[in-house]
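Asker: Would you mind keeping the following structure in view while I ask a few things?
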Amino acid sequence: MPDRSETWDGGYIRRNKRGRAIYIIHQQINGVRYEVSTRAQSETAAHAQLKLFQANPGAYDPTGTERGCDLLDDELIKHFLAYSKAKQNSGQVAG
């Protein structure tokens, strides 16, 4: 279990082998608990990462690249929505 004795606005601070502070986001949003390293070593940088995290927690990546879902593209989404609409209107029940 990580030492959480040092805290900041977004969670807690842990120390690496060299004794440097690493800021960890530890929050619960909409029933989902997140515990992710910001990789930031200063409070200013950690707050910038916290803003990015709060904008889209599920896609947060401290490297700055936005993660998305590789499985769904626009065409597949359109097909699924059309299929779902047709199933709903037909009265068929899945199962």
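Asker: Could you give me the residue pairs with C-beta distances under 6 Å whose first residue belongs to region 16-36 and is open to solvent by 50 Å² or more (accessible area, probe 1.4 Å), whose second residue is assigned to a strand (DSSP E or B) and of a type in the set (D, E, K, R) wherever it lies, and which are 6+ apart or on separate chains?
Answerer: Close Cβ pairs (under 6 Å, with a partner that is assigned to a strand (DSSP E or B) and of a type in the set (D, E, K, R)) amount to HIS26/GLU35.
Asker: Oh, and also: Filtering region 57-93 down to residues that are assigned to a helix (DSSP H, G or I), among the hydroxyl-bearing types (Ser, Thr, Tyr) and open to solvent by less than 100 Å² (accessible area, probe 1.4 Å), which residue is modelled with the lowest pLDDT?
Answerer: Per the stated criteria, the residue is SER90.
Asker: Those residues that are assigned to a strand (DSSP E or B), at negative phi and touching a residue at least 12 places away in the same chain (Cβ under 8 Å), I need them from region 1-15; list them, please. Please lay out each step first, then the result.
Answerer: Quick first cut of region 1-15, residues assigned to a strand (DSSP E or B) only: 6-8, 11-15.
Checking the rest, the ones that are also at negative phi come to 6-8, 12-15.
Those that are assigned to a strand (DSSP E or B), at negative phi and touching a residue at least 12 places away in the same chain (Cβ under 8 Å): GLU6, TRP8, TYR12, ARG14, ARG15.
Asker: Looking only at residues in region 37-56 that are among the polar types (S, T, N, Q) and in a helix (DSSP H, G or I), which one is least open to solvent (accessible area, probe 1.4 Å)?
Answerer: Top of the filtered list is GLN49.
The values are calculated or read from the model by the stated rules, or taken from the named source; none is laboratory data. What you see is a predicted model, and the numbers here were worked out from it, not measured in a lab. Every residue, glycine as well, gets a Cβ built from its backbone with ideal geometry; the counts of neighbours run over all protein chains shown. Note: accessible area is taken over every heavy atom of the protein model, side chains too, but ligands, DNA and RNA are not part of it. Shrake-Rupley method; radii C 1.70, N 1.55, O 1.52, S 1.80 Å.
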